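Following: one structure in structure tokens, then a few remarks.
The values are calculated or read from the model by the stated rules, or taken from the named source; none is laboratory data. This structure is a prediction, so every number in the text was calculated from the model and none was measured. Cβ sites come from the backbone with ideal geometry, for glycine too, and all protein chains shown count toward neighbours.
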């Protein structure tokens with residue numbers, strides 16, 4: 001199963017354009033990294049940026065970790081604090097028909113960090129699989145990735161909103177556009193209500209338009 005590394009950064013006010021310019025240059029230099037499947041960068045507003053790299057395995061992600069650290073270090077001068085890195089193996093995914101091979105940009109992503117009940121995790125995955133018809137009915141929905149995560153930093157927002165740091169996941173939902181994401185909001189909110197029995201705490205949401213995208217698959 002594929003492996004995801006999310007990097008969440010807070011950029012100094014007024015320096016986002018310079019940060020993204022530097023980041024883009026660095027990301028262009030790692031496109032050919034062995035095992036790299038894709039890169040997405042989302043401008044999540046409020047001077048926050050979320051970068052996501054997807055690898056074909058944990059082994060590939062581990063092999064690329066030194067280069068990833070160098071990319072983060074190259075942009076440190078633009079940040080207000082150290083990046084928060086969250087990563088893990090994808091436990092479940094939905095990919096809309098025809099998405100593979102399409103350009104990464106334009107696009108819009110919503111990342112939801114939330115706690116889950118460990119004893120119900122497998123039941124949750126089965127429930128997700130049973131709802132394919134709902135995903136297919138949402139215009140512009142590209143993909144859904146469910147990733148139980150770990151991270152070296154004890155981020156206070158995760159502690160406050162999610163609670164147990166050992167039972168967290170990030171659900172990444174990608175759309176063709178922000179407008180389609182907004183149009184689907186009522187249906188998506190109803191879906192999350194139906195997921196309540198599997199979850200703990202309230203989701204911490206980061207979302208925005210892609211400002212960088214690359215795919216190797």
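Of note:
- Sub-6 Å Cβ pairs linking a first residue in the range 182-195 that is touching a residue at least 40 places away in the same chain (Cβ under 8 Å) to a second residue that is surrounded by 10 or more Cβ atoms within 10 Å (Cβ to Cβ) and outside any helix (DSSP H, G or I), at least 6 apart or interchain, are 184/138, ordered by first then second residue.
- Considered as a group, the residues in the range 5-28 that are over 19 Å from residue 80 (Cα atoms) and touching a helix residue (DSSP H, G or I) at 6+ places or on another chain (Cβ under 8 Å) include one that is surrounded by the most Cβ atoms within 10 Å (Cβ to Cβ), and that residue is 5.
- Among (1) without any contact (Cβ under 8 Å) to a residue 12 or more places away in the chain; (2) crowded, with 18+ Cβ neighbours inside 10 Å, the one test that residue 36 misses: (1)
- Scanning the range 176-186 for any residue that is touching a helix residue (DSSP H, G or I) at 6+ places or on another chain (Cβ under 6 Å) and either surrounded by fewer than 18 Cβ atoms within 10 Å (Cβ to Cβ) or at pLDDT 95 or above (or both) turns up nothing.
- Verdict on residue 75 being in contact (Cβ under 8 Å) with a residue 12 or more places away in the chain, within 28 Å of residue 34 (Cβ to Cβ) and within 19 Å of the chain's Cα centre (by Cα): no
- All of 122, 100 fail the test of being outside any helix (DSSP H, G or I) and farther than 24 Å from residue 185 by Cβ, apart from 100.
- Just one of the listed residues (70, 59, 81) is closer than 15 Å to residue 23 by Cα and either modelled with pLDDT under 95 or outside any strand (DSSP E or B) (or both), and it is 70.
- Being under 22 Å from residue 204 (Cα atoms) and either surrounded by 13 or more Cβ atoms within 10 Å (Cβ to Cβ) or in contact with a helix residue (DSSP H, G or I) (Cβ under 9 Å, 6 or more places away or on another chain) (or both) is a condition met by no residue of the range 56-76.
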